[in-house]
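Notes follow the structure.
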Amino acid sequence: MELPVNKFKQAISKGNTQYGLWAGIPDTTSAEICAGSGFDWLLLDGEHAPFDMRAIYNYLQAVAAYDVHPIVRIVEGDKNLIKQLLDYGAQTLLIPMVDTAEQAGALVEAMRYPPQGIRGMGSSIARAARWNSITDYVSTANSEVCLLVQAETTTALENLPEILNVEGVDGVFIGPSDLSASMGHVGNPGHPEVVATIKSAIKAIVKAGKAAGILALDPAQAQQYIKAGACFIGVGVDTMLLGNAAKQLALSFRSEDETIANINKAGY
């Protein structure tokens with residue numbers, strides 16, 4: 001048995017645009033529905049959504065049969081969590097709140113087996129190695145892992161040149177919501193100053209030979225960021241898609257006031 005090739009890593013290294021869907025529903029049926037919908041990648045949000053480690057494991061199993069790449073965002077860049085998730089079979093991790101090159105360097109080490117890193121050995125009980133069915137897993141895994149770091153504060157952007165110089169960082173994801181808050185525009189990621197800053201950061205990332213990514217739910221804004229050079233773009237969120245579709249269906253049969261009254265009555 002051969003180690004699965006990280007097609008997402010290959011695509012972004014070439015600058016090929018990859019469209020993704022944010023996953024906040026930790027359910028395997030939802031996972032399969034989203035996995036078969038045609039996106040290039042799904043982002044399992046272990047930072048803000050109720051994904052515990054078991055839910056992530058089950059989600060990875062559910063989407064394995066589909067032609068979509070799972071990316072896992074963990075709550076923080078803890079080396080022990082990283083080790084577990086890589087053993088679970090996640091090949092691409094998105095780490096939030098990376099503000100310095102030192103943080104980025106530590107994450108690179110946590111993602112790799114020695115001598116390039118400090119990842120602990122445990123392939124005999126790891127789904128990633130198919131429980132040692134991939135006989136050369138420990139000698140080949142380093143080449144297929146993909147590290148995406150999130151720059152989502154003014155501090156991170158100040159340190160962006162140094163972060164981009166860290167070998168082993170495959171891409172930088174700009175977090176528009178947290179960045180807008182850090183810039184003093186809480187709840188307004190579409191503020192012109194924020195948008196201009198994001199575009200500038202994307203161009204710097206691409207110039208450094210790294211892949212740039214972002215979550216952009218407004219199609220017009222997504223196109224702006226693609227034009228600036230972003231190549232992996234989250235364009236939807238599963239919870240929002242479900243919620244909006246349900247509301248629109250209800251509104252097609254009821255008046256808006258009546259629908260709102262029913263929602264309030266139900267306590268939603």
Across the stretch 136-167, which residue is nearest to Gly122 (Cα to Cα) among those that are in contact with a helix residue (DSSP H, G or I) (Cβ under 7 Å, 6 or more places away or on another chain) and among the hydroxyl-bearing types (Ser, Thr, Tyr)? Tyr137
Only one of (1) hydrophobic (A, V, I, L, M, F, W, C); (2) out of contact with any strand residue (DSSP E or B) (no Cβ under 7 Å at 6 or more places or on another chain); (3) under 22 Å from Gln150 (Cβ atoms) does not apply to Ala65, and that is (3)
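Which of the residues spanning the stretch 92-110 are touching a Gly at 6+ places or on another chain (Cβ under 6 Å) and crowded, with 18+ Cβ neighbours inside 10 Å?
Here is the first cut: in the stretch 92-110, the ones touching a Gly at 6+ places or on another chain (Cβ under 6 Å) are 95, 107-109.
Matches in the stretch 92-110: Ile95, Leu107, Val108.
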Note down all Cβ pairs under 8 Å where the first residue falls in the stretch 126-150 and is closer than 21 Å to Ala106 by Cβ and of a type outside the set (Val, Ile, Thr), the second is surrounded by fewer than 22 Cβ atoms within 10 Å (Cβ to Cβ) and modelled with pLDDT under 95, and they're at least six residues apart or on different chains. Ala141/Leu3; Glu144/Leu3; Glu144/Pro4
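Tell me, please, whether a residue that is modelled with pLDDT of 95 or more and part of a helix (DSSP H, G or I) can be found in the stretch 206-216. Working first, answer last.
Here is the first cut: in the stretch 206-216, the residues modelled with pLDDT of 95 or more are 206-216.
With the extra rule that they be part of a helix (DSSP H, G or I), the set shrinks to 206-207.
So far as the stretch 206-216 goes, yes, one or more of its residues are modelled with pLDDT of 95 or more and part of a helix (DSSP H, G or I).
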In this structure, does Gly46 turn out to be over 24 Å from Leu164 (Cα atoms), more than 15 Å from the chain's Cα centre (by Cα) and not polar (S, T, N, Q)? no
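Return yes when Asp40 is of a type in the set (D, E, K, R) and crowded, with 21+ Cβ neighbours inside 10 Å and no when it is not. Can you show your working first?
Numbers: of a type in the set (D, E, K, R): yes; crowded, with 21+ Cβ neighbours inside 10 Å: no.
When the stated conditions are applied, Asp40 does not pass them.
Looking only at the stretch 2-35, count how many residues are more than 21 Å from Ile74 (Cβ to Cβ) and either touching a Cys at 6+ places or on another chain (Cβ under 7 Å) or surrounded by 15 or more Cβ atoms within 10 Å (Cβ to Cβ) (or both). Show your work before the answer.
Quick first cut of the stretch 2-35, residues more than 21 Å from Ile74 (Cβ to Cβ) only: 2-3, 5, 7, 10-11, 13-17, 19, 29, 32-33.
Subset that is either touching a Cys at 6+ places or on another chain (Cβ under 7 Å) or surrounded by 15 or more Cβ atoms within 10 Å (Cβ to Cβ) (or both): 3, 7, 11, 13, 15-17, 19, 32.
Going through the stretch 2-35 one residue at a time, the tally reaches 9.
Within the bounds of the stretch 80-91, is there any residue that is out of contact with any Ser or Thr (no Cβ under 6 Å at 6 or more places or on another chain), of a type in the set (Gly, Ala, Ser) and surrounded by fewer than 17 Cβ atoms within 10 Å (Cβ to Cβ)? Working first, answer last.
So in the stretch 80-91, the residues out of contact with any Ser or Thr (no Cβ under 6 Å at 6 or more places or on another chain) come out as 80-91.
When the remaining residues are screened for being of a type in the set (Gly, Ala, Ser), the result is 89-90.
Next, only the ones that are surrounded by fewer than 17 Cβ atoms within 10 Å (Cβ to Cβ) stay: none.
Checked the stretch 80-91: no residue is out of contact with any Ser or Thr (no Cβ under 6 Å at 6 or more places or on another chain), of a type in the set (Gly, Ala, Ser) and surrounded by fewer than 17 Cβ atoms within 10 Å (Cβ to Cβ).
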Contact list, first residue from the stretch 34-47 and under 19 Å from Ile82 (Cα atoms), second anywhere and among the basic types (Lys, Arg) and assigned to a strand (DSSP E or B), beta-carbon distance below 7 Å, six or more apart or interchain, is Leu43/Arg73; Leu44/Arg73; Asp45/Arg73; Gly46/Arg73; Glu47/Arg73
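Tell me which helices (runs of 4 or more DSSP H) are completely within the stretch 1-65 and hold 2 or more residues being in contact with a helix residue (DSSP H, G or I) (Cβ under 6 Å, 6 or more places away or on another chain) and small (Gly, Ala, Ser), or say none if there are none.
Working: elements: 7-13, 28-35, 53-63.
Fully inside the stretch 1-65 and qualifying: 28-35.
Touching a His at 6+ places or on another chain (Cβ under 9 Å) and touching a residue at least 40 places away in the same chain (Cβ under 8 Å): does that describe Thr92? Walk me through it before giving the result.
Working: touching a His at 6+ places or on another chain (Cβ under 9 Å): yes; touching a residue at least 40 places away in the same chain (Cβ under 8 Å): yes.
Spelling it out, Thr92 is indeed touching a His at 6+ places or on another chain (Cβ under 9 Å) and touching a residue at least 40 places away in the same chain (Cβ under 8 Å).
Condition test on Ala129, is it farther than 20 Å from Lys79 by Cβ and not β-branched (Val, Ile, Thr)?
Working: farther than 20 Å from Lys79 by Cβ: no; not β-branched (Val, Ile, Thr): yes.
Answer is no for this residue.
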Go through (1) within 23 Å of Gly213 (Cβ to Cβ); (2) crowded, with 18+ Cβ neighbours inside 10 Å one by one and return the number of the condition Tyr113 breaks. (1)
Where in the stretch 70-166 are there helices (runs of 4 or more DSSP H), lying fully within it, with 3 or more residues that are at pLDDT 95 or above and among the hydroxyl-bearing types (Ser, Thr, Tyr)? 137-140
Could you identify the single residue in Asp170, Asp178 that is within 22 Å of Leu42 (Cα to Cα), surrounded by 15 or more Cβ atoms within 10 Å (Cβ to Cβ) and in contact with a Leu (Cβ under 7 Å, 6 or more places away or on another chain)? Asp170
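Kindly provide the set of residues from the stretch 58-73 that are of a type in the set (A, V, I, L, M) and touching a Phe, Trp or Tyr at 6+ places or on another chain (Cβ under 9 Å), ordered by number.
First, the residues of the stretch 58-73 that are of a type in the set (A, V, I, L, M): 60, 62-65, 68, 71-72.
Within the stretch 58-73, Leu60, Val68, Ile71, Val72 meet the criteria.
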Report whether or not Ala129 is within 22 Å of the chain's Cα centre (by Cα) and on the phi < 0 side of the Ramachandran plot. no
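The values are calculated or read from the model by the stated rules, or taken from the named source; none is laboratory data. Please read all numbers here as calculations on a predicted model, not as lab measurements. Don't worry about glycine lacking a Cβ; one is built from the backbone with ideal geometry, like all the others, and counts go over all protein chains shown.
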